[in-house]
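Working notes, structure below.
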């Protein structure tokens, strides 16, 4: 399930003034203290089963100009909770920026087999060293696809309590690379850089009946690491 949130800034700030930790904090402020069970479900095993897009359209925040944010989750209750606690025509804080939410809409997509990345997909090369996978440095498409599939299957197994589940083949049959990006982030005054990749197409030619729930799950939970920080958001191609 998804929610599309449209808002207008109250004043001008540069695009890089708002980072992914800020958006994540905005979402948590909508759900904390509201429903402990939803929060606990999304904290188990360090996975939090929601994701969000980059703010669009890209560019600086201008007073009165509409910006949009998509949030997705396989947990319908979480999206409904965000919707319930987001009254329209009310001011909110997005880091240091004051915004007014002007519209919101919840909706569902049927299971799709073709996606485009709505935010960079991040994977660890070595999480013990906090080293992210980079095509420029590591140059291995097989490593990327294998790690992507292992990570997605593990999250699915945990979410649905189905430890025996495995895909019968590769997670995608056709992929089209767009570019690699370095995303700057801030938390409590500390600066971080996450290496991620953007994709024009991630397609599974045919989805078996028993695997349809898996592809719906990745569509709403995101791909790769750090989904709750807004990495790995997928947009289905109509």
Qualifying position, being at pLDDT below 95, closer than 19 Å to residue 227 by Cβ and either within 21 Å of the chain's Cα centre (by Cα) or in the same structural domain as residue 194 (by TED's automatic domain parsing) (or both), among 81, 4, 69: 81
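Residue by residue, here is whether (1) within 16 Å of residue 219 (Cβ to Cβ); (2) in contact (Cβ under 8 Å) with a residue 60 or more places away in the chain; (3) in contact with a strand residue (DSSP E or B) (Cβ under 9 Å, 6 or more places away or on another chain); (4) outside any loop (DSSP other than H, G, I, E, B) holds:
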site: 129; (1), (2), (3), (4): no, no, no, no
site: 136; (1), (2), (3), (4): no, no, yes, yes
site: 145; (1), (2), (3), (4): no, no, yes, yes
site: 150; (1), (2), (3), (4): no, no, no, yes
site: 156; (1), (2), (3), (4): yes, yes, no, yes
site: 162; (1), (2), (3), (4): no, no, no, no
site: 167; (1), (2), (3), (4): yes, no, no, no
site: 178; (1), (2), (3), (4): no, yes, yes, yes
Test for residue 113: is it touching a strand residue (DSSP E or B) at 6+ places or on another chain (Cβ under 7 Å) and either within 15 Å of residue 217 (Cα to Cα) or at pLDDT below 95 (or both): yes
Count of the stretch 73-97 residues which are loosely packed, with under 14 Cβ neighbours inside 10 Å and assigned to a strand (DSSP E or B): 2
Selected residue (only one of 105, 63 is in a loop (DSSP other than H, G, I, E, B), modelled with pLDDT of 95 or more and over 23 Å from residue 192 (Cβ atoms)): 63
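The values are calculated or read from the model by the stated rules, or taken from the named source; none is laboratory data. Quick caveat, the model's predicted, so the values are computed rather than measured. Cβ sites come from the backbone with ideal geometry, for glycine too, and all protein chains shown count toward neighbours.
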